[in-house]
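Structure record follows, encoded as structure tokens.
The values are calculated or read from the model by the stated rules, or taken from the named source; none is laboratory data. Computed from a prediction, not measured in an experiment: that's the story for all the values here. Methodologically, a virtual Cβ is constructed for each residue, glycine included, from the backbone with ideal geometry; neighbour enumeration extends over all protein chains shown. Side chains included, ligands, DNA and RNA excluded: accessible areas come from the protein's heavy atoms. Shrake-Rupley method; radii C 1.70, N 1.55, O 1.52, S 1.80 Å.
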Amino acid sequence: MASLAVILLLLLGFDQSWANRGLNVENNYRNMMVRLATSKVTLGNLQVLREGRVEVSFDFGATWGTICSTSWSMREANVVCRQLGLGYASKASQGTEHGDSRKHPWAMVGTLCRGTERRLAECVRESRYPNLCNARNQNVSMVACVSHSADLEVGLVDIERTARLEAVPMSRLTCAMEEHCVSADAYEIRRTNPHAARILLRFSVKAFNVGTADVSPYANYKDWVWHQCHRHYHSMNVFATFDVYDLKYRKVAQGHKASFCLMDSECRPGVRAKYTCGNTTQGISVGCADTYTDVLDCQWVDVTRVPVNQRYILRVALNPEYKLGEMSFENNGAECLLDYTGVHQTTRIFNCRRKPLWFKI
């Protein structure tokens, strides 16, 4: 039993000094406390700290330690902000901006949250000790919290209503191929037959902001990239992914909405659109949606090599890399049934249901 206790302690990120105190893993984990701290100079602590390194305590605040995680994301950060009553996460990162692991050693590693938990103690742990949590790594997990946040919700009707097949010669897909929006075999075929056609399953996707704050690009506008093909600034790299699976969830094709701009395509009555695809003016206002229509580049899945006359699952995911802070990621995805016949008249997408972004333990 003693060896098992030590293994549990290591998996939970305790060093030997914690083990020597004879702490009960279950009791102390259940009583885990969370706070934000910083090494930066503050204004006499007169304001509530809303950004800093995340610290945890397992002995009712007598000692505190930091967190190391393989994938510290907006999911985990949202839970920290919720537990502290500070709203939602606007930033989740690992670094030394607010102190490092040498001065503030880790007390826990491998934190994985769905994002819906009320407390960090309700989250799970990675199945293996993260390799990056070693002596060479000085980073600690950090968050920034805000009172209001955006919340993207994928539209369902738009996907079903606009679905269509189109055969397009690769000579017309120059921009799309630059952004890797076709299957890998297309690049080999293009060498010998540049006018060969790709079969594209096109559909529109609406990203509606149902949150309490505008969606804003995560990168500073000075870092946005002018795209000559599309004639506008691209403020993000990947905004949406489109994947086709068989009925056993084995992926057979994939696509993504890459290098794009954010704008108010349509708004609810009484809400005025204010964002365009221009430089410094990109975003999605509260109560507005950015609709990527089926005629746009990369608004498709390349199904050229997908077997016909079968039923599949189409999965659409907004903000799949959690680069944008949101109130929730439970309404970011959609799953639809796809009957793919290879013929425009009989291929259809139907029965779309809203789904959360996948959470893999």
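Here are a few things to note about the model shown:
- Full-extension gain in nm, residue 35 to residue 271, via 0.36 nm per residue minus C-alpha separation: 81.2 nm
- Apportionment of accessible area to carbon and sulfur, the stretch 313-361, percent (1.4 Å): 51
- Ellipsoid semi-axes for the stretch 143-202, based on the Cα gyration tensor and the rule √(5λ), read 35, 18, 8 Å when sorted largest first.
- Taking the 1.4 Å solvent-accessible surface of the stretch 244-306 as the whole, the part contributed by carbon and sulfur is 51%.
- Rounded to the nearest whole Hz, the Karplus-based 3J(HN,Hα) values (6.51 cos²θ - 1.76 cosθ + 1.60, θ = phi - 60°) of the stretch 68-81 follow the sequence 10, 8, 5, 9, 7, 10, 4, 4, 5, 5, 4, 5, 4, 5, with x at glycine and proline.
- Inter-part distance where the stretch 298-329 and the stretch 152-210 are each reduced to a Cα centre, Å: 11
- Along the stretch 174-188 the Karplus relation, 6.51 cos²θ - 1.76 cosθ + 1.60 evaluated at θ = phi - 60°, assigns HN-Hα couplings of 4, 4, 4, 6, 4, 9, 6, 9, 10, 5, 4, 5, 4, 6, 6 Hz to successive residues, with x for each Gly and Pro.
- Solution diffusion estimate, µm²/s, Stokes-Einstein, the stretch 235-343, Kirkwood Rh from C-alpha pairs, 4 °C, viscosity 1.567 mPa s: 83
- Only alpha carbons enter this Debye calculation for the stretch 279-349, each as an equal point scatterer, and the log10 of I(q)/I(0) it gives at q = 0.16, 0.23, 0.28 Å⁻¹ is -0.79, -1.22, -1.45.
- Here is the list for the stretch 124-184: trypsin sites (Lys or Arg not before Pro) lying in DSSP coil, each with at most 10 other C-beta atoms within 10 angstrom of its C-beta, are 128, 136.
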